[in-house]
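The values are calculated or read from the model by the stated rules, or taken from the named source; none is laboratory data. Because the structure is a prediction, the values reported are computed rather than measured. No Cβ is skipped: glycine too gets one built from the backbone with ideal geometry, and neighbour counts run over all protein chains shown. Protein only, heavy atoms only, side chains kept; ligands, DNA and RNA dropped before computing areas. Shrake-Rupley method; radii C 1.70, N 1.55, O 1.52, S 1.80 Å.
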Amino acid sequence: KNMARAPFQVLVYLYRKNEAEEIEYAMFERADMDIWQGISGGGEDDETPLEAAIRETTEESGLLLSDGWMQLQTVGYVPKNIFFHSEHWPEDLYVIPIHCFGVPVTDDEIMLSHEHTQMEWLSFKEAQKRLKFDSDRTALWELDQRL
């Protein structure tokens, strides 16, 4: 069935503890842009942000994660005109929110989707260096503080 694009985005950071008990974050290199980020995607139909985050995570990593989801306070915004389906949205809507989440991963068998060329587990400091957008860095900082 044809899904209607909802006017919000989600950003998900997968994290784990390595052998040294240090937290690492999964960073993905996008196939369509030369940037690194967490898992990112848009809501569909009447999904909640959490439902969209779970679905996007499964689509982009192959992992079905149901436990440990943490919604962050950080909310980014992006102009609506960067999205293909924005003509269906209200005319007085100019920016759409990015709802941010963190979720722990125990099984690190991540299967990349066609949306990414590679994935790396990185320390907070290394992950921060890879991120292009301020709102992505803010969300990662918040998650790191919470953990």
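Between His99, Leu65, Val75, whose Cα lies farthest towards the positive end of the dipole of the chain when Lys and Arg beta carbons carry +1 and Asp and Glu beta carbons carry -1, centred on the Cα centre?
Val75
For segment 1-62, state the average projected area of the convex hull of the C-alpha atoms over all orientations, rounded to one decimal in nm².
Mean projected area for segment 1-62: 5.5 nm², to one decimal.
Can you give the helix-only mean residue ellipticity at 222 nm for the chain, where every DSSP H stretch with n ≥ 4 adds -39500 (n - 2.57) and the sum goes over all residues, rounded to the nearest 500 deg cm²/dmol?
For the chain, the value works out to -7000 deg cm²/dmol.
Karplus couplings for segment 49-58 from phi (6.51 cos²θ - 1.76 cosθ + 1.60, θ = phi - 60°), rounded to Hz, Gly and Pro as x?
Couplings: x, 5, 4, 5, 5, 5, 5, 4, 4, 5 Hz.
Within segment 18-84, list the GluC sites (Glu not before Pro) lying in a DSSP loop whose Cβ has at most 10 other Cβ atoms in a 10 Å radius.
Loop-located and lightly packed - Glu19, Glu21, Glu22.
Amide H to amide H under 5 Å from Glu44: which residues, 5+ apart in sequence or cross-chain, H placed 1.01 Å off N in plane?
The list, which skips near neighbours in sequence, is Ala6.
Compute from the Cα atoms of the chain the Rg and the Dmax, the latter being the longest Cα-Cα distance, and quote both in angstrom.
14.9, 51
In nm, give the distance between the simple-model label positions of Asp134 and Glu44, each being 7 Å from the Cα along the Cα-to-Cβ direction.
So the two model labels end up 3.3 nm from each other.
Please get the size of the charge dipole for the chain, origin at its Cα centre, with Cβ charges of +1 on Lys and Arg and -1 on Asp and Glu, quoted in debye to the nearest 20.
For this selection, approximately 360 debye.
To the nearest 20 Debye, how big is the dipole of segment 30-116 about its Cα centre, given +1 on the beta carbon of each Lys and Arg and -1 on that of each Asp and Glu?
Approximately 320 debye in magnitude.
What does the charge add up to near Ile23, with Lys and Arg as +1, Asp and Glu as -1, over the other residues with Cβ less than 10 Å from its Cβ?
-2
Amide H to amide H under 5 Å from Leu11: which residues, 5+ apart in sequence or cross-chain, H placed 1.01 Å off N in plane?
Residues meeting the criterion, in which the H sits 1.01 Å from N, are His99, Cys100, Phe101.
Please list 3J(HN,Hα) in residue order for segment 73-80, calculated via the Karplus relation 6.51 cos²θ - 1.76 cosθ + 1.60 where θ = phi - 60°; whole Hz, with x for glycine and proline.
3J(HN,Hα) across segment 73-80, in whole Hz: 6, 4, 10, x, 9, 10, x, 5.
Counting Lys +1, Arg +1, Asp -1, Glu -1, what net charge surrounds Pro104 among other residues with beta carbon under 10 Å of its beta carbon?
Here the count lands on +1.
Say the dipole of segment 1-59 comes from +1 at the beta carbon of Lys and Arg and -1 at that of Asp and Glu; which of Val12, Met33, Leu50 then lies farthest toward its positive end?
It is Leu50, whose Cα lies furthest towards the positive end.
Can you give the relative contact order of segment 26-147 as a percent, counting alpha carbon pairs under 8 Å and 6+ residues apart?
35 percent.
Given the peptides 78-87, 93-102, arrange them by the average over their residues of other C-beta atoms within 10 Å, most packed first.
Averaged packing, sorted descending, gives the order 93-102, 78-87.
So, for the chain, what is the accessible surface per residue at a probe of 1.4 Å, expressed in square angstrom?
Per-residue accessible area for the chain comes out at 57 Å².
Using the Karplus curve 6.51 cos²θ - 1.76 cosθ + 1.60 with θ = phi - 60°, work out ³J(HN,Hα) for each residue of segment 6-13 in order, rounded to whole Hz, and write x for Gly and Pro.
Karplus-based 3J(HN,Hα) across segment 6-13 equals 7, x, 7, 10, 10, 10, 10, 9 Hz.
Considering only protein heavy atoms and a probe of 1.4 Å, how much of the accessible area of segment 72-136 is carbon and sulfur, as a whole percent?
The nonpolar share, carbon plus sulfur, comes to 54 percent.
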